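These notes concern the structure reproduced below.
Nothing in this text is a laboratory measurement; each read-out follows from the coordinates by a stated rule. As the structure is a computational prediction, the values presented were derived from the model and not from experiment. Neighbour counts run over all protein chains shown; Cβ positions are idealised from the backbone, glycine included.
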């Protein structure tokens, strides 16, 4: 299993260099990080670094424009919007991870989205910064939406990724702490470990065996 | 009031937490208020009361927090949501849980003394650099309102 942090922001978006992020991630038991806005993909201190493109489209047409403008990246992520946009984003199969589901409107993610996410191998992201940095009603909303996503995940079996959303190494979370935070909305330890490995499933999707010759 | 005999006292657990960034020097009171605030925000007043937590030891890098037995998981979740102590951004990472303070103190490794390296210029801004381990370098810029900190490595500085 390769435990991955599905979205971090390194310098200049944050205050920590990508190398330092990788070094700190190594000490925390994370073996792969996806750096949004970075075009580097490789290896630092034994931690695999993937480049990520993070898009914030207002509608699906806008998504097409943003995707054309963005640099070629290992992982393409998009912020969630209303139900229509989410369905279009997921069913297009052009994104790997749908982020920001906690700040999307109510019923923005439904069973149709869940089935499409499974078919198109799109993961839904659980961003821990929504739990750690927010307080009060915003955190309650985030916990409710993550619990809903978890229900859909248990029923339909699509991938869930977990990200710290850290822009500083202070925001990175060790695996044990991730388990503690995810237990707040009812995620079990095995499910957390499966979710931490989900980036690997996105890069190497499961496909049935084929007879070559 | 007469103290309870040892057999009737509630069981306690101690959680060792590492404070990041490395150079933070908070006193126990500041840490207690930050953790208690996080616990109240997450579990409410009654939930925070059930933890019956207190900070029993702290130094610039480590903190030991006491809580009631079987509430370690709750405490760790609350500690994970601490992102600011006083006016400084910081996090507390729970490292170990034990039944005695002595066992946790044995797990605290010797600290690496920070060394001042010199000044570094990044995008025409001068930072003073401090080495906090063999690879890690923190860069400080003193501003009028607050201090800007960048977290780099030695290799990053060599590349600049």
- Any chance you could check the Cα centroid distance between the range A:125-165 and the range B:5-53 for me, in angstrom? 25
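Counting other beta carbons within 10 Å of each residue's own, what order do B:49, A:133, B:32 fall into, fewest first?
So the ranking, lowest neighbour count to highest, is B:49, A:133, B:32.
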- Note on the structure: At q = 0.14 Å⁻¹, the log10 of I(q)/I(0) for the range A:4-203 from a Debye sum over equal Cα scatterers comes to -0.75
- Expressed in nm to one decimal, what extension gain is obtained for the pair residue A:210 and residue A:26 from 0.36 nm per residue of sequence separation less their Cα-Cα distance? 62.6 nm
- Task: Note the angle between two axes, namely the Cα long axis of helix B:28-51 and the longest principal axis of the Cα atoms of chain B, as a number of degrees from 0 to 90, rounded to the nearest 10.
- Result: 50
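If R0 is 51 Å, what FRET efficiency do you get for residue B:9 and residue A:118 from their C-beta distance, rounded to 0.05?
Numbers: r = 53 Å, r/R0 = 1.03.
With a Förster radius of 51 Å, E is 0.45.
Counting only other chains, and only Cβ atoms inside 10 Å, what mean value do you get across the residues of B:67-77?
Values: counts 0, 0, 0, 0, 0, 1, 3, 3, 1, 6, 8.
Per residue, the average neighbour count from other chains is 2.
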- Across peptide A:166-172, what mean number of C-beta atoms from other chains lies inside 10 Å of a residue's C-beta? 5
- Query: Averaged over A:16-25, how many beta carbons belonging to a partner chain fall within 10 Å of each residue's beta carbon?
  - Reply: 5
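Percent relative contact order of chain B, based on C-alpha pairs within less than 8 angstrom and at least six residues apart? Provide the component values of the computation, followed by the final result.
On the way: 260 pairs, mean separation 33.4, N = 160.
The value is 21 percent.
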- Query: What shape does the range A:105-145 take by its C-alpha gyration tensor, where a ≥ b ≥ c are the square roots of the eigenvalues and a/c under 1.5 counts as rounded, a/b above b/c as prolate, and the rest as oblate?
  - Reply: oblate
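From the square roots a ≥ b ≥ c of the eigenvalues of the alpha-carbon gyration tensor of the protein assembly as shown, which class results: rounded (a/c under 1.5), prolate (a/b over b/c), or oblate? Could the numbers behind the result be given before it?
On the way: a/c = 1.93, a/b = 1.28, b/c = 1.51.
It comes out oblate by the Cα gyration axes.
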- Query: Going by the alpha-carbon gyration tensor, a ≥ b ≥ c the square roots of its eigenvalues, is the range B:12-106 rounded (a/c under 1.5) or, if a/c is not under 1.5, prolate (a/b greater than b/c) versus oblate?
  - Reply: oblate
- Could you rank the peptides A:53-61, A:10-18 by their average count of other C-beta atoms within 10 Å per residue, with the highest value first? A:10-18, A:53-61
